[in-house]
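Just below is one structure, and these are the notes that go with it.
Read the figures in this text as sums done on the coordinates, not as results from a lab. Computed from a prediction, not measured in an experiment: that's the story for all the values here. Neighbour counts are summed over all protein chains in view; Cβ atoms, including those assigned to glycine, are modelled from backbone coordinates with ideal geometry.
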Amino acid sequence: MADCDGPDWIAEPAPCGACPLRLDASARAAAVRRLPACLLPVAMTDPEPQVRCEVARLIGDDWLPAMAWDRDAGVRLIVVGRLRPEQLTVLAGDSDARVRAAVAGRVVPSALLRLAEDDAEEVHRVARLRLGLRPHPGHRPVVPAARGKRHLM
């Protein structure tokens, strides 16, 4: 990464009040679009979800699976749209129902079987439709005791 010339805000750990890029998340998100590809992995740790969303849209396939663990569901939704279907199983147990529903829309059939009985109605519906099954009438969200709590990201 020493060969890259990028803005100094991305390499310096302490923000400087003189540079608006260091303070404004919107400006940093716009600047991410102009970064060399080698600096995008550094921007994955930006504190603002808006910046990390831009990184998720632009980052290379090799780094994308690392963003599946981002703390913001919006970032993880972008990752779901970019990962290959066989890579989506890691997000099938996501703590956010929107992410699980997005996974159900793209995931391989083996993971769909698990999502077809999900406790969130939208996830259940999407997974069963993809499997060619009708939703259970009056499906009640039930969390089996063996499943326990979902892993929080």
Quick check on my filter: what residues within the range 94-107 are surrounded by fewer than 23 Cβ atoms within 10 Å (Cβ to Cβ) and under 16 Å from Arg125 (Cα atoms)?
Asp96, Ala97, Arg98, Ala101, Gly105, Arg106
Return the residue satisfying two criteria in turn: it lies in the range 76-121 and is part of a loop (DSSP other than H, G, I, E, B) and hydrophobic (A, V, I, L, M, F, W, C), and of such residues it is farthest from Gly132 (Cα to Cα).
Leu83
Leading residue by the ranking (nearest to Arg100 (Cα to Cα)) among those in the range 31-75 that are among the β-branched types (Val, Ile, Thr) and not in a loop (DSSP other than H, G, I, E, B):
Val75
Taking the range 95-111 and keeping only residues that are more than 17 Å from the chain's Cα centre (by Cα) and within 22 Å of Trp69 (Cβ to Cβ), one is left with Val108, Ser110, Ala111
